[in-house]
1. Checking the structure you have, find out if any residue of segment 78-87 is touching a helix residue (DSSP H, G or I) at 6+ places or on another chain (Cβ under 7 Å), over 13 Å from residue 3 (Cα atoms) and modelled with pLDDT of 90 or more.
2. Among the residues of segment 58-76, is there at least one that is under 13 Å from the mean Cα position of the chain (by Cα) and surrounded by 15 or more Cβ atoms within 10 Å (Cβ to Cβ)?
3. Restricting to segment 68-77, what's the tally of residues that are part of a helix (DSSP H, G or I), in contact with a helix residue (DSSP H, G or I) (Cβ under 7 Å, 6 or more places away or on another chain) and free of Cβ contacts under 8 Å to residues at least 40 places away in the same chain?
4. Tell me which of these residue 11 doesn't satisfy, since it passes every other one: (1) modelled with pLDDT under 85; (2) in a helix (DSSP H, G or I); (3) in contact with a helix residue (DSSP H, G or I) (Cβ under 8 Å, 6 or more places away or on another chain).
5. Considering each residue of segment 24-47, count those that are free of Cβ contacts under 8 Å to residues at least 12 places away in the same chain and either touching a strand residue (DSSP E or B) at 6+ places or on another chain (Cβ under 9 Å) or surrounded by 13 or more Cβ atoms within 10 Å (Cβ to Cβ) (or both), and give that number.
6. For residue 55, only one of the following conditions fails: (1) in contact with a helix residue (DSSP H, G or I) (Cβ under 7 Å, 6 or more places away or on another chain); (2) part of a helix (DSSP H, G or I); (3) closer than 30 Å to residue 101 by Cβ. What is its number?
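The values are calculated or read from the model by the stated rules, or taken from the named source; none is laboratory data. These numbers come from a predicted model, not from an experiment. Please note: Cβ atoms are built from the backbone with ideal geometry, for glycine as well, and neighbour counts cover all protein chains shown.
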């Protein structure tokens, strides 16, 4: 997802990439919901692999429109930071969904 975020951002920047925030948040919400019953360690491992692959794909396919696009941290760091931010959002939404659905389950069991 971090690669797709930056690839879409760069390719659609002149056309205003308004869908990025909403689409990324919906993606994180969907992943958080679907991963409620998955162990946290596995989620982190898969996201680390995703970040590594995204950095590799970014160096292969993303060409910034100008030299200052990813300043001051650089393209690879920006992609990795985006991956970590998405991971944090997924874990937060996962815990929220897990808490909400466990409360609902406890209410129905009474």
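1. yes
2. Within segment 58-76, not a single residue is under 13 Å from the mean Cα position of the chain (by Cα) and surrounded by 15 or more Cβ atoms within 10 Å (Cβ to Cβ).
3. Counting residues in segment 68-77 that are part of a helix (DSSP H, G or I), in contact with a helix residue (DSSP H, G or I) (Cβ under 7 Å, 6 or more places away or on another chain) and free of Cβ contacts under 8 Å to residues at least 40 places away in the same chain gives 1.
4. Condition not satisfied by residue 11: (3).
5. So the answer is 1.
6. Status for residue 55: all satisfied but (3).
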